[in-house]
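K.L.:
Please read through the structure below; I'll follow up with questions.
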Amino acid sequence: MIGCLILIVIMVIILMTIYLSVNIPKDSEIFTVSKGHYLLKTVTALLRKHKIKTWMDAGTLLGVIRDGELISNDTDVDISTYYTNQSKLSEIADDVQLLKTINLQCWRNQKDMVSFNVIGDRNSYIDVYLMKWKPKFVTKKFKNYVYNIPKDPETYLEILYGDWKVPRPGKHASPTVHLKGKGVKDHKKYFDENIVCWEAGHPSENKYCLDDL
């Protein structure tokens, strides 16, 4: 009887060990603020070198403006670029050897988003959104590097989040605003006048239609 109990305990320990080894990420695969700093600066510099202008966006911008730092419990880094850069960005994403030189790889290369992660670290990544509207820019120095951010970032964050000054775990930017641009016309002095329509509701992406948003 005692032998059976010991055997059961041993089996439980073995099964728990297997479960934890598969489901609990290693320390090297946990997103941290320091990894976020690396991703933000490295990818911004890489794209800048290839003449792709980006700006801090969504949760990354929120943390930098509200807290003066990336959000500690965030899961990724967010930057954006204008959608006309899609071809150049896709080429960079497909250049495995280039990315290896900066310890990165691409795990998502889509029409509206490209994502890079640290090699061997599935949970440390940066999303580059391809936007069909864009803000006017000012620059901001963060951790000894200069980034583009939206003009009047407080208003921009209010458009995306509503009450953005109070931290709310799990709060995300409104997709109807961030990804579709709804409500932009109400604050158009903060946005580029040459905003091109996206496909939804318009026959041509080449029609300038800020007043139609």
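The values are calculated or read from the model by the stated rules, or taken from the named source; none is laboratory data. Predicted, not measured: the structure shown is a model, and the values here were computed from it. When we count neighbours, we look across all protein chains shown, and the Cβ atoms used for this are built from the backbone with ideal geometry, even at glycine.
K.L.:
For Asp78, which of the numbered conditions (1) surrounded by fewer than 18 Cβ atoms within 10 Å (Cβ to Cβ); (2) touching a strand residue (DSSP E or B) at 6+ places or on another chain (Cβ under 8 Å); (3) closer than 22 Å to Pro169 by Cα fails to hold?
P.N.:
Exception for Asp78: condition (1).
K.L.:
Scan the range 72-88 for residues that are farther than 12 Å from Met131 by Cβ and in contact (Cβ under 8 Å) with a residue 40 or more places away in the chain and report the count.
P.N.:
5
K.L.:
Any idea which of (1) among the polar types (S, T, N, Q); (2) modelled with pLDDT of 95 or more; (3) closer than 19 Å to Arg122 by Cβ is the one Thr44 doesn't satisfy?
P.N.:
Among (1) among the polar types (S, T, N, Q); (2) modelled with pLDDT of 95 or more; (3) closer than 19 Å to Arg122 by Cβ, the lone unmet condition for Thr44 is (3).
K.L.:
Select from the range 119-144 the residues that are among the charged types (D, E, K, R) and closer than 18 Å to Trp55 by Cα and write down the one among them that is surrounded by the most Cβ atoms within 10 Å (Cβ to Cβ).
P.N.:
In this case the residue turns out to be Lys134.
K.L.:
Separate question: Tell me yes or no: at least one residue of the range 103-118 is touching a Ser or Thr at 6+ places or on another chain (Cβ under 6 Å), at pLDDT 95 or above, buried (at least 16 other Cβ atoms within 10 Å of the Cβ) and among the β-branched types (Val, Ile, Thr).
P.N.:
No: the range 103-118 contains no residue that is touching a Ser or Thr at 6+ places or on another chain (Cβ under 6 Å), at pLDDT 95 or above, buried (at least 16 other Cβ atoms within 10 Å of the Cβ) and among the β-branched types (Val, Ile, Thr).
K.L.:
Then there is this: Tell me whether the range 132-144 contains one or more residues that are within 15 Å of the chain's Cα centre (by Cα) and either of a type in the set (Phe, Trp, Tyr) or at pLDDT 95 or above (or both).
P.N.:
no
K.L.:
May I pose another question? Report every pair of residues separated by at least 6 positions or lying on different chains whose Cβ atoms are under 7 Å apart, first residue within the range 154-167 and without any contact (Cβ under 8 Å) to a residue 60 or more places away in the chain, second outside any helix (DSSP H, G or I) and crowded, with 20+ Cβ neighbours inside 10 Å.
P.N.:
Close Cβ pairs (under 7 Å, with a partner that is outside any helix (DSSP H, G or I) and crowded, with 20+ Cβ neighbours inside 10 Å) amount to Glu158/Trp164.
K.L.:
Tally the residues that are touching a helix residue (DSSP H, G or I) at 6+ places or on another chain (Cβ under 9 Å) and acidic (Asp, Glu), restricting the search to the range 71-109.
P.N.:
Qualifying residue count for the region: 3.
K.L.:
Just give me the residues in the range 129-148 being touching a residue at least 60 places away in the same chain (Cβ under 8 Å), over 24 Å from Arg108 (Cα atoms) and either touching a Ser or Thr at 6+ places or on another chain (Cβ under 7 Å) or not charged (D, E, K, R) (or both), in sequence order.
P.N.:
Pro135, Phe137, Phe142, Tyr145
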